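Everything on this sheet refers to the single structure shown next.
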Amino acid sequence: MTDTTPLAVCVVGSGPSGLYAADHIARKRPDCRIDVIDRLPTPFGLVRAGVAPDHQGTKNIVRQFERGFAKGSQRFLGNISVGKDVSAAELADLYDAVIYATGAPLDRPLGIPGQDLAGVYGSAAFVGWYNGHPDHATLAPRLGRGIAVIGNGNVALDVARILAKTRAEMTGADLCAHAQDAIEAAPITDLYIIGRRGPLEASFTPPELGELGHLNRACPVIDPTVLAGVTAEAVADPKDQKVKEKNLEILTGFVTADQDKPVRVHLLFCAAPKEILGVDGAVSGLRLERTRLVNGQAEPTGETFDLAVETIISAIGYRSATIDGVPLDDRRGIIANTDGSVAPGIFTVGWAKRGPSGVIPSNRSDSIAVADQVLAWLDTCSGGKTGPDGLDALLATRAAARVDFDGWQKINAAEQARASDGKPREKLTSIPEMLAVAAG
C-alpha cells in the first residue's frame, strides 16, 4: 500500500549544482518536500566564495536560487554538517533520495620539492581568503614582489587579476577588506601565470583573458617567440575552435601592449614547475623546466630556469572531501558514481560528480540530467519517510545551531549594512559571528 506522506529529498550542499537540481525537482514534483543543507551558515557555495569578487554579474544567479527558498519550494538549513550533526546513513533513512552537491573544496598538491614552504598556497585557500570563506579568511598570505600563479585556467587569471588591480578598480566588488588592505600594501611588481603546455592548450575563456589588457597599474607580458608559427588548428567542436582563435588573437595583441606600468603580468607557456626554492623555511624562488609539445602533451626538455618569487599560488585543480558513509573515488578525487548515481536513492551532482570542470551554466545541464534520474527514482518510491520532520527531531536532540533562510537574510542584511566604498557587501567571515547575527 502506498503511503500518503509526500516524498522527501535532501540536497547536501547549497552551491549552484545542488540548487539547480533542487529547483528542477521542485518544478516537476511540487508535492515533494526538499531540504537543502550546508555546513556553512550561508548558502550559494562557490557563487559566494569562489566567483571572483569583481565579477558581480556572475553572482546575480543567486536571485533565482533565493526565489526557491523564499516561496517555500525548498528549505535551507545552514550550519549543518554531514558527519557531525547528522550522518549519511541517517539522511538515507530520513529521505527518499539524497543528492550530494558538495563540490571539490580541496586543493590538489603540486607534488614537488618545497611545496610545504611558507608562501605556498593552493588557489582554493587563496580565493577563499580574499572572498571571506570562514575556512580561509585568516590565511594572511605572504605576498612578495614576485608572485607565481601555477595553472592555465580561469582561476589562475582571476587570482592574478585580483592581485594586479588597484583599490579604485575594485569599486563595486565584494573583495573582503582584509584582502584589499593586504594587496594594497604588498610590494608586487611581477606576476607570473604559468602553464605546462602551449597557449592553445590553455583553458582560459576569452573575456577573462582579455581583462588582463585593461588594468590600470598592470600590463600583460608575453614572449612573442612563444606565438611564432602557432595557429588554431581545426578541432571537432566549433565552439572550442572559436575560443582558441580568440585567445590567440588576444595573446597576440598583448605582444604590443603598453609596458610602461609598475606591475607586469607575465604569461609563461611550456614551463613545468620542478622545485620550489627556499631560504629560512620560506619561498625564495621557483625552478621551472621548459617543455615541448608532442601531440598536444607537454614533454620535458631538461632545460631549467628560475624565477625570483616569494609567493606561489597553485591553481592546478581540486578534489572532493571525504564524507563518512559516502564512497570516494580517491584516484579521481570525486564521489564514486556512475553518471550521478552513487547507490539506490543516493546521487551526486556538479564537481563532486565529475571533477572541477565547467562554469556555472554548464553545471545547470549536468544537474538537471541527474535530477531527472532522481525524479525517475522517486516514481518507484512508496513514501512514508519522515524527511524534514525527522531531520528536525534528530537535530533537536543534538542541539545543532542551524540557520534557516530567515537567518541567512539577517546575515545578508548585516553584510550589506557593513559595506562601504561602493561595495555591495562586507562579508562576515567567522561562523560564530554569523550565528549571532542569524539568531538576532
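What follows is calculated from the coordinates using simple rules that are stated; it is not laboratory data. Remember, predicted model here, so these are calculated numbers, not experimental data. So basically every Cβ, Gly included, is an ideal-geometry build from the backbone, and we count neighbours across all protein chains shown.
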### Message
Can you tell me what share of the DSSP beta bridges in the chain is antiparallel? A percent to the nearest 5 is fine.
### Response
40 percent
### Task
Could you please rank Ile61, Ile194, placing first whichever residue has the fewest other Cβ atoms within 10 Å of its Cβ?
Ile61, Ile194
### Message
Let me test this: with uniform point scatterers at the alpha carbons of the stretch 107-317, what is the Debye-based log₁₀ I(q)/I(0) at q = 0.13, 0.16, 0.18 1/Å?
### Response
-0.72, -1.10, -1.37
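Taking the number of other C-beta atoms within 10 Å as the exposure measure, put Lys165, Lys71 in order starting with the fewest. Mind dumping the intermediate values first?
Numbers: Lys165 23, Lys71 9.
The fewest-first ordering by Cβ neighbours comes to Lys71, Lys165.
How big is the C-alpha Rg of the stretch 223-339 next to the rule-of-thumb value 2.2 N^0.38 Å, as a ratio? Before the final figure, lay out each step's value.
Details: Rg = 19.3 Å, N = 117, 2.2 N^0.38 = 13.4 Å.
Dividing the Cα radius of gyration by 2.2 N^0.38 Å gives 1.44.
So what are the stretch 351-440's ellipsoid semi-axes, whole angstrom, largest first, if each one is the square root of 5 times an eigenvalue of the alpha-carbon gyration tensor? It would help to have the intermediate numbers written out before the result.
On the way: eigenvalues 212, 121, 24 Å².
Result for the stretch 351-440: semi-axes of 33, 25, 11 Å.
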## Note on the structure
The rounded separation in angstrom of the Cα centers of the stretch 239-274 and the stretch 144-193 is 17 Å
### Task
Please determine, in degrees from 0 to 90 and to the nearest 10, the orientation of helix 154-164 with respect to the longest principal axis defined by the Cα atoms of the chain, where the helix direction is its Cα long axis.
60 degrees
### Query
Based on the Cα gyration tensor of the chain, what are the three equivalent ellipsoid semi-axes, each the root of five times an eigenvalue, rounded to whole Å and given largest first?
41, 25, 20
### Message
What are the ³J(HN,Hα) couplings of the stretch 308-323, residue after residue, when phi is run through the Karplus curve with 6.51, -1.76, 1.60 and θ = phi - 60°? Round to Hz, x for glycine and proline.
### Response
8, 9, 10, 9, 10, 10, 9, 10, 10, x, 9, 9, 6, 7, 6, 10
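What is the order of Leu307, Leu286, fewest Cβ neighbours within 10 Å to most? Present the calculation step by step, with values, prior to reporting the outcome.
On the way: Leu307 20, Leu286 27.
Lowest to highest Cβ neighbour count: Leu307, Leu286.
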### Query
Which listed residue (Gly281, Thr231, Pro300) has the Cα farthest towards the positive end of the charge dipole for the stretch 107-317, taking +1 on Lys and Arg C-beta and -1 on Asp and Glu C-beta about the Cα centre?
Thr231
### Query
Roughly how many Å is it from the Cα centre of the stretch 1-40 to that of the stretch 347-398, as a whole number?
6 Å
## Note on the structure
Residues whose built amide H sits under 5 Å from the amide H of Ser284, excluding neighbours closer than 5 in sequence, are Leu277, Gly278, Val279
### Task
Convert each backbone phi in the stretch 378-383 into a coupling constant with the Karplus relation 6.51 cos²θ - 1.76 cosθ + 1.60 (shift: θ = phi - 60°), then list the ³J(HN,Hα) values in order as whole Hz, x for Gly and Pro.
4, 5, 9, 8, 9, x
### Query
Hey, what do the phi angles of the stretch 277-283 turn into as Karplus ³J(HN,Hα) couplings, whole Hz, using 6.51/-1.76/1.60 and θ = phi - 60°, x for Gly and Pro?
8, x, 9, 6, x, 10, 5
### Query
Under 14 Å Cα-Cα from Lys427, which aspartates and glutamates qualify once same-chain neighbours fewer than 8 residues away are excluded?
Asp135, Asp174, Glu415
### Query
What's the FRET efficiency of Gln416 with Thr304 using the Cβ-Cβ distance as r and R₀ = 45 Å, to the nearest 0.05?
0.35
### Message
Charges at C-beta only: +1 for Lys and Arg, -1 for Asp and Glu. How large is the resulting dipole of the stretch 113-238 about its Cα centre, in Debye rounded to 20?
### Response
320 debye
### Query
Taking +1 at the Cβ of each Lys and Arg and -1 at the Cβ of each Asp and Glu, which of Gln64, Ile34, Ile183 sits farthest along the dipole of the chain towards its positive end, judged by Cα position relative to the Cα centre?
Gln64
### Query
To the nearest 20 debye, what is the magnitude of the charge dipole of the stretch 168-296 about its Cα centre, counting +1 on the Cβ of each Lys and Arg and -1 on the Cβ of each Asp and Glu?
480 debye
#### Entry: Positive-end extreme of charge dipole, the stretch 25-157 - chosen from Gly103, Phe76, Pro53 (charges on Cβ)
Pro53
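Taking the Cα centre of the stretch 392-440 as origin, sum charge times position over the Cβ atoms of Lys and Arg (+1) and Asp and Glu (-1), and report the length of that vector in debye to the nearest 20. Mind showing how you got there, number by number?
Details: 7 positive and 7 negative charges, 16 e Å.
Roughly 80 debye, rounded to the nearest 20.
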#### Entry: the stretch 167-216: trypsin sites (Lys or Arg not before Pro) falling in loop per DSSP and having at most 15 other Cβ within 10 Å
Arg167
### Query
Using alpha carbon centroids, what distance separates the stretch 97-136 and the stretch 283-310, in Å?
23 Å
## Note on the structure
Amide H contacts under 5 Å for Ser314, restricted to residues at least 5 apart in sequence or on another chain and with H modeled in the peptide plane, are Tyr121, Gly122, Ser123, Ile150
### Residues with amide H under 5 Å from that of Val403, placed H, sequence gap 5 or more
Gly78, Asn79
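For the stretch 107-317, what is the percent of antiparallel DSSP beta bridges, rounded to the nearest 5? Don't skip to the answer; put the middle values down first.
On the way: 16 of 39 bridges.
In the stretch 107-317, DSSP labels about 40 percent of beta bridges as antiparallel.
Just from its helices, what would the mean residue ellipticity at 222 nm be for the chain, if runs of 4 or more DSSP H residues each count -39500 (n - 2.57) and the sum is divided by every residue, rounded to the nearest 500 deg cm²/dmol?
Working: 16 runs with 150 residues, N = 440.
Result for the chain, helices only: -10000 deg cm²/dmol.
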